[in-house]
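Undergrad: Please find one structure pasted underneath; my questions will follow.
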Amino acid sequence: MSSTENPESGRVIRDHRRQWRDCLYVYPVISRRSKGLSIGVNLNPDKRCTFGCLYCQIDRRVARGLDTVDLDALRRELDLALAEAVSGRLWDEPRFAPTPGEMRRINDIAFSGDGEPTCLAAFDRAVSVAADAKAAAGQDDVKLVVITNASRLDSPQVARALPILDASGGEIWAKLDAGTDAYFHRVNRPHLKLRLDEVVRNIAAVARGRAVVIQTLLFRIRGAPPPPEEVDAYCARLREILDAGGRLKLIQLHTIARSPADAAATRLPDADLDALAARVRRAVGAVPVETYYGQDVPPQGDV
């Protein structure tokens, strides 16, 4: 968030609650990365994830009591959210009323939520439901976005989903927060036996078939920024993906903007983030690099 941002618009951009009306899976949010309305799809209402990231904003101590996904209910909720946004009624809700005019547009339907969406065995069917819903609403320009930690990009359900995504203007936004395996385990804390090499290979394999967006969160751990050698290793990983034939549409560098799970994780100052972005730009050449600034926030679970 920039220092000149209107306080009211800043509040709505930071409000990423996973609950909207009485919906179980769908939650509209105003996203600074999407630069508009993102209709979130939470396929992990049980809050299960393959990572336990140091900076995670989800309070996993509080379960929501759901361990299945009803695809018929998902379709009804998507139809509702799209209809409210298309009609403009959404902007009358107090939660969304402060939204700046230039952001009152539907940018995407995003699979994100409280865990890793690609873990769902029926993930491809959920993607198909979203593709059908946006087509029925006449919103062909709305993207389908899968925000993933890349741990399951090699799964059968993702392989089945990729053709649906490609046919619907879909994008993969893949997490890559580290350059070395040691830092990967320190920051992302995977719950399964997983090495960073596998994550990078997964991203490269998917990116050979379509351009992928990389999302990276840079922050301080107990006051210390990422070590220079770690930043160099991270840049080398990006080059590894490109050298393997992967296409990168965009690299998003951001820092802590909402409450993290661990108080050891704090935001990276704007100047430090800018300096790291300059190093990344030198490493990746023509690939665009965007920065998203943060704020100092206390840990307080879900936001």
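Undergrad: Please report Trp91, Trp173 as a ranked list, fewest other C-beta atoms within 10 angstrom at the top and most at the bottom.
TA: Listing Trp91, Trp173 from fewest to most nearby Cβ atoms yields Trp91, Trp173.
Undergrad: Same structure again: Provide the per-residue ³J(HN,Hα) series for the range 180-191, in order, calculated from phi with Karplus coefficients 6.51, -1.76, 1.60 and θ = phi - 60°, each as a whole number of Hz, with x at glycine and proline positions.
TA: 10, 5, 5, 5, 4, 6, 6, 8, 8, 6, x, 7
Undergrad: Of Lys35/Lys249; Lys35/Lys143; Lys47/Lys143; Lys47/Lys249, which sit over 19 Å apart, Cα to Cα?
TA: Lys47/Lys143; Lys47/Lys249
Undergrad: Could you check the simple spin-label distance between Ala236 and Glu290, using points 7 Å along Cα→Cβ, in nm with one decimal?
TA: Label at Ala236, label at Glu290, 3.0 nm between them.
Undergrad: Using a 4.7 Å cut-off between beta carbons, which cysteines in the chain end up with no partner cysteine at all?
TA: Those would be Cys23, Cys49, Cys119, Cys235, since no other cysteine Cβ in the chain comes under 4.7 Å of theirs.
Undergrad: Hey, another quick one. Charges at C-beta only: +1 for Lys and Arg, -1 for Asp and Glu. How large is the resulting dipole of the range 7-292 about its Cα centre, in Debye rounded to 20?
TA: About 380 debye.
Undergrad: OK, next. Could you list which residues have their amide H under 5 Å from that of Thr99, counting only those 5 or more apart in sequence or on another chain, with H placed in the peptide plane?
TA: Distant-sequence amide H within range of Thr99: zero hits.
Undergrad: Can you give the alpha-carbon Rg of the range 79-129 over 2.2 N^0.38 Å, where N counts its residues?
TA: That works out to 1.43 for the range 79-129.
Undergrad: OK, next. Classify the range 76-184: rounded, prolate or oblate, from the alpha-carbon gyration tensor (a ≥ b ≥ c, eigenvalue square roots; a/c under 1.5 rounded; otherwise prolate if a/b is larger than b/c)?
TA: Because a/c hits 1.5 or more and a/b fails to exceed b/c, the range 76-184 counts as oblate.
Undergrad: Hey, another quick one. Summing Lys, Arg as +1 and Asp, Glu as -1, what charge do residues with Cβ under 12 Å from the Cβ of Val213 carry, Val213 excluded?
TA: Result for the neighbourhood of Val213: +3.
Undergrad: List the residues, sorted by chain then number, that are 5 or more residues from Gly170 or on another chain and whose placed amide H is less than 5 Å from its amide H.
TA: Placed amide hydrogens put Leu144 under 5 Å from Gly170.
Undergrad: His191's amide H: which non-local residues (gap 5+, or another chain) put their own amide H closer than 5 Å, with H modeled 1.01 Å from N in plane and none for Pro or chain starts?
TA: Placed amide hydrogens put Phe51, Gly52 under 5 Å from His191.
Undergrad: Measuring from centroid to centroid over Cα atoms, what is the spacing of the range 99-142 and the range 230-266 in Å?
TA: Between the Cα centre of the range 99-142 and that of the range 230-266, the gap is 24 Å.
Undergrad: Mean separation of Cα pairs under 8 Å and 6+ residues apart, divided by the residue count of the range 7-292: what relative contact order is that in percent?
TA: 17
Undergrad: For the pair Asp140/Lys193, report the inter-label distance in nm, with labels modelled 7 Å from Cα in the Cβ direction.
TA: Label-label distance for Asp140 and Lys193, simple model: 4.9 nm.
Readers should treat all values here as calculations from the given coordinates under stated rules, not as data from a laboratory. Keep in mind it's a predicted model, so treat the numbers as computed, not measured. Note that we place each Cβ from the backbone using ideal geometry, even for glycine, and neighbour counts take in every protein chain shown.
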